[in-house]
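In what follows, a single structure is set out as structure tokens and then discussed.
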Amino acid sequence: MNVLMVCLGNICRSPLAEGILKQKCKEKGLDWEIDSAGTSGWHVGELPDPRSITTAKKNGIDITDQRSRKFVAADFSHYDLILAMDSSNYQDINKLAPDEASKDKVKLILNFVFPDQNRPVPDPYYNNGFDHVYGLLDTACDRIIESYRHI
Ligand code: 4NP
């Protein structure tokens, strides 16, 4: 499985999601390729937000090897699953999809926890809430592994 986590800036939510899913795959011996990207490109080349780094570290995960990059249409050919953090990311990703098969790869990450509810992972950039985001993503990553580990 090749999985891409996507948010707006690729400095707060999707780096956490990448770090969490990588850690779980490592623990379970799953050879998945996992990356993250942002729809905006505003923070390209930057480290994750210090608050994401701290929250990950508290949970035993080092995400300081990550650098922000922009989501590109070529990602549709490499990734099997493209996980958007909110509906705005979902729409921006879909605008770049070359065909219907590509659109089918795009899912809202919290629909793995709350099916069909289209709930967002709240953007913690302006209001903190990084621990809450971590908890949501941790549960979502467990469900993603349950859904795809035998495929
Ligand atoms: P993220 O959070 O999409 O979870 O990385 C944000 C990061 C930066 C900005 C907004 C959201 N920004 O406006 O620069």
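Structure values in brief
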quantity: Qualifying GluC sites (Glu not before Pro) for region 1-62 [loop in DSSP, other Cβ within 10 Å: at most 16]; calculated: Glu46
quantity: Label-point separation in nm, Arg119 to Asp65, each point 7 Å along Cα→Cβ; calculated: 3.1 nm
quantity: Fluctuation leader among Asp138, Asp75, Asp116 - the chain, Gaussian network, Cα springs under 10 angstrom; calculated: Asp116
quantity: Accessible solvent surface per residue of the chain, calculated while the other protein chains remain in place, 1.4 angstrom probe, Å²; calculated: 50 Å²
quantity: Candidates Asn94, Asn118, Asn59, ranked by Gaussian network fluctuation over the chain, Cα under 10 Å, top entry; calculated: Asn59
quantity: Per-residue [θ]222 nm for the chain (sum of -39500 (n - 2.57) over DSSP H runs n ≥ 4, rounded to 500); calculated: -12000 deg cm²/dmol
quantity: GNM top mover of Ala56, Ala73, Ala84 - the chain, alpha-carbon springs below 10 Å; calculated: Ala73
quantity: Placed amide H near Leu108: partners under 5 Å, 5+ positions off or other chain; calculated: Ala84
quantity: Spin-label pair Gln91/Arg143, simplified geometry with 7 Å Cα→Cβ offset, distance in nm; calculated: 2.3 nm
quantity: Apportionment of accessible area to carbon and sulfur, region 30-76, percent (1.4 Å); calculated: 52 percent
quantity: Cβ-placed point charges (K, R +1; D, E -1), dipole of region 2-148 about Cα centre in debye, nearest 20; calculated: 260 debye
quantity: Lysine-lysine proximity count for region 2-148, Cα under 21 Å, sequence distance 8 or more or distinct chains; calculated: 19
quantity: Amide proton proximity set for Asn2, modelled H, under 5 Å, gap of 5+; calculated: Glu33, Asp80, Leu81
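The values are calculated or read from the model by the stated rules, or taken from the named source; none is laboratory data. For clarity, every value in this text was computed on a predicted model and none was experimentally measured. All Cβ positions, even for glycine, are placed from backbone atoms using ideal geometry, and neighbour counts span all protein chains on display. These accessible areas exclude ligands, DNA and RNA; they are computed on the full protein's heavy atoms, side chains included. Shrake-Rupley method; radii C 1.70, N 1.55, O 1.52, S 1.80 Å.
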